[in-house]
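These notes concern the structure reproduced below.
Derivation of every value follows stated rules applied to the coordinates shown; laboratory data play no part. As the structure is a prediction and not an experimental result, all values here were calculated from the model. Here Cβ is always computed from backbone atoms with ideal geometry, including for glycine, and neighbour counts include all displayed protein chains.
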């Protein structure tokens, strides 16, 4: 009888204590970031591999020319560690951006354009100096 009670208590303790780092909350959420490094610091490749090795995640691209740095998918702990690192200039979200086209809405009155005379195809009639190449 004693063994069965001890075995029941031990099995309860084992189920309550997570074995491994992610058993209770699952794998950490990864965020895509671009990390800019200060000139004269460590090589971007080694810095990226070091952060991923310590905190987990994946290295994306490594930048050497326009920007010195790298892109990576990292957990929040890795991102916070990078923000505290004096060699890191900035840590920003790696996201898709696009250029918005500015469309003029219909009914927009642009500097009384509707009141201006329609242009003529005869430049000499409207601008007599155009033929001679003199404009004021």
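Run through the DSSP bridge list for segment 26-93 and note the antiparallel percent, rounded to the nearest 5.
Numbers: 15 of 15 bridges.
Counting only bridges with both partners in segment 26-93, antiparallel ones make up about 100 percent.
Computed on the Cα trace of segment 26-93, the radius of gyration divided by the Kirkwood hydrodynamic radius gives Rg/Rh = 0.93. Between residue 100 and residue 43, the distance separating the two model label sites (each 7 Å from Cα on the Cα→Cβ line) works out to 4.3 nm.
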